[in-house]
Amino acid sequence: MAEDVSRITVKLDDLLHARRMTLTELAERVEITLANLSILKTGKAKAIRFSTLEAICRELGCQPGDLLGFRADD
Amino acid sequence: MPRPFRDPLLAGTRLLLVVSGVIFLVGGVAALGALIPVWAFGGRVIAWLAAHADAPPVGRDALGAVSALLGGIIAGDALTIQFLRNLVAIIDTVGQGSPFISANAKRLREMGWLVLAMQAMLVAALFLTPWFRQALGSRHFFIPFSLAGLITALLLFILARVFEQGTRLAEDVEGTV
């Protein structure tokens, strides 16, 4: 069975790189497990809680739109 | 993930169910083994029944009645053992921290059908009670019957639906961060 590929993209890697922060550091600051943040970073998450979004935006000083993107059909 | 069987209720219940399963297995095997001497020494069995009958004479189909009773015990034990196996498997998934899986919904549905089958056997035996009384020469032969089995089956079918819903919810939560 083909797995559904989401067209929502997560730009956490870019944000972390820009702020010279590691995923482990962010995980400690937002109090989310490294495993769950890794799932988010690699685009394998099916959903994101507002509380997670809020914590990430607070620690990275960004807007939700900076973290998430939408890949339009080619 | 929680470690299995830290919960004394789960561990105790599992042990009780496994021991019960072994007892039912021994009972079923004993009933199966008893069929051989019943037919091998039919004359002596009939003589014993005649000596102990409270409403003689013993019918010509006494051996058939005894065999039917033993067959009922074997079938009932087999159904009960399968029921207990499913319940132990469900308890194992609870201990492993993931009870809301489609396999458990399937197990509960199967358990419902097993209980219904047992109930159907009791109804059949209930209708055969006059024949058993006549064949065994026993006025006091009776089949204990209640509707508790039917209610239990309905409860299990509803629980199966609950677990189906729970499985869908668990799948939703699984990918949420």
(request) For region B:105-115, indicate whether the set of residues that are touching a residue at least 60 places away in the same chain (Cβ under 8 Å), farther than 30 Å from B:ARG6 by Cβ and in a helix (DSSP H, G or I) is non-empty. (result) no
(message) Anything in region B:160-177 that is under 26 Å from A:ALA35 (Cα atoms) and assigned to a helix (DSSP H, G or I)? List them, or say none.
(response) B:GLY166, B:THR167, B:ARG168, B:LEU169, B:ALA170, B:GLU171, B:ASP172, B:VAL173, B:GLU174
(message) Any residue at all in region A:45-65 that's within 14 Å of another protein chain (Cβ to nearest Cβ), touching a Ser or Thr at 6+ places or on another chain (Cβ under 7 Å), not hydrophobic (A, V, I, L, M, F, W, C) and not in a strand (DSSP E or B)?
(response) yes
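Results for (1) under 26 Å from B:LEU87 (Cβ atoms); (2) surrounded by 15 or more Cβ atoms within 10 Å (Cβ to Cβ); (3) within 14 Å of another protein chain (Cβ to nearest Cβ), shown as yes or no for each residue.
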{"site": "B:LEU128", "(1), (2), (3)": "no, yes, no"}
{"site": "B:ARG133", "(1), (2), (3)": "no, yes, no"}
{"site": "B:GLU164", "(1), (2), (3)": "yes, yes, no"}
{"site": "B:THR167", "(1), (2), (3)": "yes, yes, no"}
{"site": "B:GLU171", "(1), (2), (3)": "yes, no, yes"}
{"site": "B:GLU174", "(1), (2), (3)": "yes, no, yes"}
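If only one of A:LYS11, A:LYS41 is away from chain B (no Cβ under 14 Å) and of a type outside the set (Asp, Glu), which one is it? Before the answer, list the steps.
Details: A:LYS41 fails: away from chain B (no Cβ under 14 Å).
Checking each option against the conditions leaves just A:LYS11.
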(message) Kindly evaluate A:ALA55 against the criterion of being in contact with a helix residue (DSSP H, G or I) (Cβ under 7 Å, 6 or more places away or on another chain) and under 25 Å from B:LEU169 (Cα atoms).
(response) yes
(message) Looking at B:LEU87, B:LEU79, can you tell me which residue is part of a helix (DSSP H, G or I) and either within 23 Å of B:GLY12 (Cβ to Cβ) or touching a Lys or Arg at 6+ places or on another chain (Cβ under 8 Å) (or both)?
(response) B:LEU87
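Rule-based calculations on the coordinates, nothing more; no lab input. Keep in mind that this is a model prediction, so the values were computed, not measured. Virtual Cβ from ideal backbone geometry, glycine too; neighbours counted across all protein chains shown.
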